Amino acid sequence: MSNCYKYLPTNRSRRSGFYLKKRQTKRYLFMLLLFVSLMFMILYEFYFTIAERAKNGESEAGIFESILCQVFMLTVCPKKDNSSVIQLRNKVEDINKAQTIRNSDRFEITEETIVFVIQVHKRSAHLRGLIESLHSVVGINSSLLIFSHDYFDEEINEVVNSVDFAPVMQIFLPFSIQLYPAEFPGFSPNDCPWDVGVQKAKQLDCQGAQTPDHYGHYRQGEVTQIKHHWWWKINRVFDHLKVTKNFDGYVLFLEEDYYVAPDILHTLHLMIDFSVDNCTECNSFHLGTFTKTLSYEEEANKVDIGQWNNLGFSFNRTFWNVLRECASVFCTFDDYNWDWSYQYAAQQCFFQKLTPLVVRASRVFHVGDCDGMHNQRDDCNFETSLQSAKDLVESEKRYFFPESLIILGRNYHQARVQKGWGGWSDPRDIQLCLDITSLDTS
């Protein structure tokens, strides 16, 4: 046979080559599967971290840059430019120190003054609705409006600056997640993801792994901030602001997604005066109720000693001093809701029973129930809720401004708070809450 046929492939060599290629293909497929599995594990690992940090306001670029540095162990990662955050912290600090009161010409706070404290996040449309209703309140020009913010936003500031019918002050939570986006009280890089699971958290050795709440979950900065904000603002108003530091009158607490009736001040003064002779044990006054009012004609002048609620309630320094003494109970109760923590502190610590005087016909309406912390409903919208409140006030306005009040019921029983809703077990949150009361955070 000629030499030219020497290197032609035989059947045997063809089979060998086929099996070699088959083994190589299997090896490549195995390596591909291993790579895909590894990427899936990495993505799964950081999924909840990305979600949490996005909620806290970090940009997508910043989040992924941080993750790349962690995953690939880059020794040289770009340094973050924190100058804008630092500038914002300084601006907030300057505003809080200045304690400026706008529209204060000829304004003088007296014991008859009602101080409105309004908790604001970042829903400017809701805030506009509240301010519109406040503008219609009779006697509002002799009140002080304090807007307490946990988010600095120029649009919201413009909305507040539009108020020209009453003295106004703005205060800002100095440790909001906006001011500390990548560290506590915001979301620290090593924080345990909210629902990572206790065993997985311990394996990761992430921040807070040993202290889950009683549902097995970990802290969420945007959730714990609400309780921090409420506790800070009440300490700030009663104990640190110069204008209210020695004020013994009543403070009325509202939120950005409320709408109020024009006789809310008139009704509150009636309730305060009524309690002197008819309910000396009453220690808070509630201008709102979640119970649907059947008839304003029948009930606009009626009050009850009834169930505590968080819808537009008011108390004075005497009651605040009692609540402040129970700070340790409020701050250690495993519940991210300030209102449930408040009720728990009252039942566990108050030397005087919590006795609220509550209107039968609400003067405060919650119009932000479609997009709040606890409700994300698709079957309603804010504009509809706001218009419903406006329509109700307009249709029932002839029954507002009663001359006197009548008490109908005396139900001294308050619902017992046995177990909190969780979300408040991280020692850092507990300590910060306690520090707000023990330290002058101004």
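Here is how the numbers come out for the structure above:
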| read-out | value |
| --- | --- |
| Options V303, V364, V329; residue that is open to solvent by less than 10 Å² (accessible area, probe 1.4 Å), modelled with pLDDT of 95 or more and farther than 15 Å from I407 by Cβ | V364 |
| In segment 96-109, residue nearest to Q170 (Cα to Cα) [restricted to those that are in contact (Cβ under 8 Å) with a residue 12 or more places away in the chain and open to solvent by 60 Å² or more (accessible area, probe 1.4 Å)] | T100 |
| Failed condition for T267, given (1) touching a helix residue (DSSP H, G or I) at 6+ places or on another chain (Cβ under 9 Å); (2) closer than 23 Å to F365 by Cα; (3) not charged (D, E, K, R) | (1) |
| Matching residues, segment 285-340, being in a helix (DSSP H, G or I), within 24 Å of I114 (Cβ to Cβ) and either in contact with a Cys (Cβ under 7 Å, 6 or more places away or on another chain) or of a type in the set (S, T, N, Q) (or both) | T318, N321 |
| Checking E394 against (1) modelled with pLDDT of 95 or more; (2) touching a helix residue (DSSP H, G or I) at 6+ places or on another chain (Cβ under 9 Å), the condition it does not meet | (2) |
| Residue in segment 135-156 that is most open to solvent (accessible area, probe 1.4 Å), counting only those that are in contact (Cβ under 8 Å) with a residue 60 or more places away in the chain and under 22 Å from the mean Cα position of the chain (by Cα) | F152 |
| Pairs with Cβ under 8 Å, 6+ apart, first in segment 313-326 and closer than 18 Å to C433 by Cβ and open to solvent by 10 Å² or more (accessible area, probe 1.4 Å), second assigned to a helix (DSSP H, G or I) and hydroxyl-bearing (S, T, Y) | R324/T437 |
| Matching residues, segment 208-248, being touching a Cys at 6+ places or on another chain (Cβ under 8 Å) and within 30 Å of F116 (Cβ to Cβ) | K227, H228, W231 |
| Residue pairs meeting the criteria (Cβ under 6 Å; at least 6 apart or on separate chains; first open to solvent by 10 Å² or more (accessible area, probe 1.4 Å), in segment 213-238; second assigned to a helix (DSSP H, G or I)) | G216/V198; E222/K55 |
| Candidates L311, L323, filtered to the one that is under 25 Å from E396 (Cβ atoms) and under 21 Å from the mean Cα position of the chain (by Cα) | L311 |
| From the options V163, V159, residue that is in contact with a Ser or Thr (Cβ under 9 Å, 6 or more places away or on another chain) and either at pLDDT below 95 or open to solvent by less than 20 Å² (accessible area, probe 1.4 Å) (or both) | V159 |
| Selected residue (only one of G420, G409 is more than 23 Å from Y344 (Cβ to Cβ), at pLDDT below 95 and open to solvent by less than 80 Å² (accessible area, probe 1.4 Å)) | G409 |
| Residue list for segment 183-211, filter: part of a loop (DSSP other than H, G, I, E, B), out of contact with any Lys or Arg (no Cβ under 7 Å at 6 or more places or on another chain) and open to solvent by 40 Å² or more (accessible area, probe 1.4 Å) | E183, P189, N190, W194, D195, D205, Q210, T211 |
| Odd one out for Y259 among (1) crowded, with 21+ Cβ neighbours inside 10 Å; (2) modelled with pLDDT under 95 | (2) |
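The values are calculated or read from the model by the stated rules, or taken from the named source; none is laboratory data. These numbers come from a predicted model, not from an experiment. Every residue, glycine as well, gets a Cβ built from its backbone with ideal geometry; the counts of neighbours run over all protein chains shown. Just the protein is used for accessible areas: all its heavy atoms, side chains included, with ligands, DNA and RNA removed. Shrake-Rupley method; radii C 1.70, N 1.55, O 1.52, S 1.80 Å.
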